[in-house]
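Take a look at the structure below.
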Number of protein chains: 2
Amino acid sequence: MESADPSLPKLSTMTLRLVSENNFPTAAGLASSAAGFAALVQAIANLYELKDSPAELSLVARQGSGSACRSLFGGYVAWRMGSRADGSDSMAEQVATASHWPDMRALILVASVVKKGVSSTSGMQQTVATSGLFAHRVADTVPKHMAQMEEAIKNKDFAKFAEVTMRDSNSFHSTCADTFPPIFYMNDVSRAAIRAVEAINAKAGKTIAAYTFDAGPNAVIYYLEENTEAVVGTFSGLLEGVTGWKDGVQGLKSGVVLDEAVAGLLKTGVSRVIMTGVGEGPTKTEEYLVGEDGEPVKR
Amino acid sequence: MESADPSLPKLSTMTLRLVSENNFPTAAGLASSAAGFAALVQAIANLYELKDSPAELSLVARQGSGSACRSLFGGYVAWRMGSRADGSDSMAEQVATASHWPDMRALILVASVVKKGVSSTSGMQQTVATSGLFAHRVADTVPKHMAQMEEAIKNKDFAKFAEVTMRDSNSFHSTCADTFPPIFYMNDVSRAAIRAVEAINAKAGKTIAAYTFDAGPNAVIYYLEENTEAVVGTFSGLLEGVTGWKDGVQGLKSGVVLDEAVAGLLKTGVSRVIMTGVGEGPTKTEEYLVGEDGEPVKR
């Protein structure tokens, strides 16, 4: 573009100053690096007016943080393993838009804002090298779960979505614990969150909540909007002093009675909650200019 | 014997009164049922003067509690899976006598005397039915570890013994966590014990301690007598008020500095220690008679 139009600023000759901010705890297993790298790649693509598709950009984002490739899309996204040994065809694609199944909600119980001892990327490399069970997960468990999950999303089948979500989380953390030396992302608070989800589903007589844990102790609990009272109400009454509740949810009563030890662990271990849902990919928000002192200034 | 010698008491026509006592916490993942069933089978075999070998008795004991089959022997014992579908050839055999490698020691950190929510036997059945990784553990991991362990014991190779012990414990608990719903025998105190063992080995510059966990949160830490100071000293100074220390070990100083969180978890979570080693199988101790009131009386 610059060679075709000499009036354009010569951006390709300038260095970039990157300023990154986030409103999630960093390095706590809440996908902060995925969000950050996806935003970075999209921002640079916007700056240079690149014509690459999100799938092509996801190949670049993946090199910063594996799961960043998923974050370039909105809605429900699959990260395809690919078949090339060098990983060059390992990229993400959208399985469904957010509007296909808009009533999906997520309640995140932030169990720790302590930085991880092991980064997700180096943890995964250790797991690949030393876990005897990992190869089986890759060859057998993940492809099966991926197919089941796509089907569940396509059919908006929450019970199936939930079961696959929970089984795959269990399987992932199993291979982490099978690493040598073992990697433990979950702690006793995480396990209490699992027991609470089991209690919610038992009370409902069907599966209305699903837990999953990424590379950290924080529980991500999926539920449908219609089950807010039964799911969110179980935690909001218990965790009254905790920040992050949306207006109105603290008065909800689910009637789920938690085991005393489970309730105690959640009360002492959850420092913050995040209530969110399935949203869009990277969005251009505010634009900055470089001020006279070299610091960013809002346009 | 009774039909050949009419003067013998007709024991075969009498009912048995069984009185079982143990000095281990029951149902806490400390093999109390294995010890109890092995003692029961051996006591009945003694009473009837059965000529069955320990291997044959192990077949019977296994039906009470799987791991009881191992407890009929002293020393280092292997539980052979067998090849028959009905499990009728699944039995234990001695790999080495206790005197072959007499300096093996075990320090048990009792992290919980709370009874388990799930018995080991029913937990294992759930794992077999629902864990996708379990089949791989059975087909691949366990046979490999069994062969490596026998070789390590034969050669008195502690570093290899330790590595296989730790890897197999990790693998077992991984398949428990991969069960649906997941089974967690270990807790944050267990994981702190793992980090402490890693710190001991790091300080020694070689592997002098190994952790393993059975179906409960209690850590069993293996070490050789010559490394008592480095291994036991790490815990005895920290856990001063805890019962179970043998004379003299509380003054030992290992110089291992534990992470503050690890030390804190061990201090608050370990209620008792047991110091033991590799010993003999069931031993006839005291004999009882039935008193006039029907209660057992020491002979």
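The values are calculated or read from the model by the stated rules, or taken from the named source; none is laboratory data. Predicted model only: the values in this text are computed from it and were never measured. Cβ coordinates were reconstructed from backbone atoms using ideal geometry, including for glycine residues, and neighbour counts include every protein chain displayed.
Residue B:190 satisfies every condition listed in (1) among the polar types (S, T, N, Q); (2) closer than 20 Å to residue B:167 by Cα; (3) in contact with an Asp or Glu (Cβ under 8 Å, 6 or more places away or on another chain) except (3). Within segment B:183-199, residues that are assigned by TED's automatic domain parsing to the domain that holds residue B:266 sit with their Cβ atoms under 6 Å from residues that are of a type in the set (Val, Ile, Thr) and part of a helix (DSSP H, G or I), at 6+ positions apart or across chains, in these pairs: B:192/B:262; B:195/B:262; B:196/B:262. Restricting segment A:119-149 to residues that are small (Gly, Ala, Ser) and not in a helix (DSSP H, G or I), the residue that is modelled with the highest pLDDT is A:131. For segment B:200-213, the candidate set comprises residues that are surrounded by fewer than 20 Cβ atoms within 10 Å (Cβ to Cβ) and of a type in the set (A, V, I, L, M); within that set, the residue that is farthest from the other protein chains (Cβ to nearest Cβ) is B:204.
Does residue A:283 satisfy being closer than 21 Å to residue A:161 by Cβ, of a type in the set (S, T, N, Q) and either surrounded by fewer than 21 Cβ atoms within 10 Å (Cβ to Cβ) or not assigned by TED's automatic domain parsing to the domain that holds residue A:57 (or both)? No.
Would it be correct to say that residue A:68 is buried (at least 21 other Cβ atoms within 10 Å of the Cβ), touching a helix residue (DSSP H, G or I) at 6+ places or on another chain (Cβ under 7 Å) and assigned to a helix (DSSP H, G or I)? In short, yes. Of all residues in segment A:177-200, exactly one satisfies the criterion of being over 17 Å from residue B:183 (Cα atoms) and of a type in the set (S, T, N, Q), namely A:179. Residue A:216 meets each of the listed conditions (1) within 30 Å of residue B:192 (Cα to Cα); (2) away from chain B (no Cβ under 12 Å); (3) small (Gly, Ala, Ser); (4) more than 17 Å from the chain's Cα centre (by Cα) apart from (4).
Looking only at residues of segment B:156-187 that are surrounded by fewer than 21 Cβ atoms within 10 Å (Cβ to Cβ) and among the acidic types (Asp, Glu), we find that the one that is farthest from the chain's Cα centre (by Cα) is B:157. Among the criteria (1) assigned to a helix (DSSP H, G or I); (2) closer than 23 Å to residue B:34 by Cα, the one residue B:226 does not fulfil is (2).
Kindly indicate whether residue A:116 is modelled with pLDDT of 95 or more, farther than 25 Å from residue A:233 by Cβ, surrounded by fewer than 21 Cβ atoms within 10 Å (Cβ to Cβ) and within 14 Å of chain B (Cβ to nearest Cβ).
It is false that residue A:116 is modelled with pLDDT of 95 or more, farther than 25 Å from residue A:233 by Cβ, surrounded by fewer than 21 Cβ atoms within 10 Å (Cβ to Cβ) and within 14 Å of chain B (Cβ to nearest Cβ).
Check whether at least one residue in segment A:84-100 is within 24 Å of residue A:161 (Cβ to Cβ), in a helix (DSSP H, G or I) and either of a type in the set (S, T, N, Q) or at pLDDT below 90 (or both), and report yes or no. Yes - at least one qualifying residue is present in segment A:84-100. Taken across segment B:237-259, residues that are within 12 Å of chain A (Cβ to nearest Cβ), modelled with pLDDT under 95 and either in a helix (DSSP H, G or I) or over 22 Å from the mean Cα position of the chain (by Cα) (or both) do occur, with at least one present.
Select, from B:242, B:256, B:290, the only residue that is in the same structural domain as residue B:47 (by TED's automatic domain parsing) and out of contact with any Asp or Glu (no Cβ under 9 Å at 6 or more places or on another chain). Full working, then the answer.
On the way: B:242 fails: in the same structural domain as residue B:47 (by TED's automatic domain parsing); B:256 fails: in the same structural domain as residue B:47 (by TED's automatic domain parsing).
The conditions single out B:290.
Looking only at segment B:266-299, residues that are without any contact (Cβ under 8 Å) to a residue 12 or more places away in the chain and touching a strand residue (DSSP E or B) at 6+ places or on another chain (Cβ under 8 Å) come to 3 in all. For segment B:42-65, a residue qualifies if it is surrounded by 15 or more Cβ atoms within 10 Å (Cβ to Cβ) and among the polar types (S, T, N, Q), and the qualifying residues are B:42, B:58, B:65. For segment B:132-167, what are the residues that are more than 8 Å from chain A (Cβ to nearest Cβ), touching a helix residue (DSSP H, G or I) at 6+ places or on another chain (Cβ under 6 Å) and closer than 20 Å to residue A:167 by Cβ? Result: B:134, single match. Within segment B:168-194, track down each residue that is among the charged types (D, E, K, R), touching a helix residue (DSSP H, G or I) at 6+ places or on another chain (Cβ under 7 Å) and facing another protein chain (nearest Cβ under 9 Å). Correct list: B:178, B:188.
Among the conditions (1) free of Cβ contacts under 8 Å to residues at least 12 places away in the same chain; (2) in contact with a Pro (Cβ under 8 Å, 6 or more places away or on another chain), the only one that residue B:43 does not satisfy is (1).
Of all the criteria given as (1) among the hydrophobic types (A, V, I, L, M, F, W, C); (2) crowded, with 16+ Cβ neighbours inside 10 Å; (3) away from every other protein chain (no Cβ under 11 Å), the one not satisfied by residue A:197 is (3).
Name the residues in segment A:51-67 that are out of contact with any strand residue (DSSP E or B) (no Cβ under 6 Å at 6 or more places or on another chain) and either over 18 Å from residue A:124 (Cβ atoms) or not assigned by TED's automatic domain parsing to the domain that holds residue A:81 (or both), would you? Listed by number, the residues that qualify are A:51, A:52, A:53, A:54, A:56, A:57, A:60. Just so you know, in segment A:71-83 the residues that are in contact (Cβ under 8 Å) with a residue 24 or more places away in the chain and in a loop (DSSP other than H, G, I, E, B) include one that is surrounded by the fewest Cβ atoms within 10 Å (Cβ to Cβ), and it is A:81.
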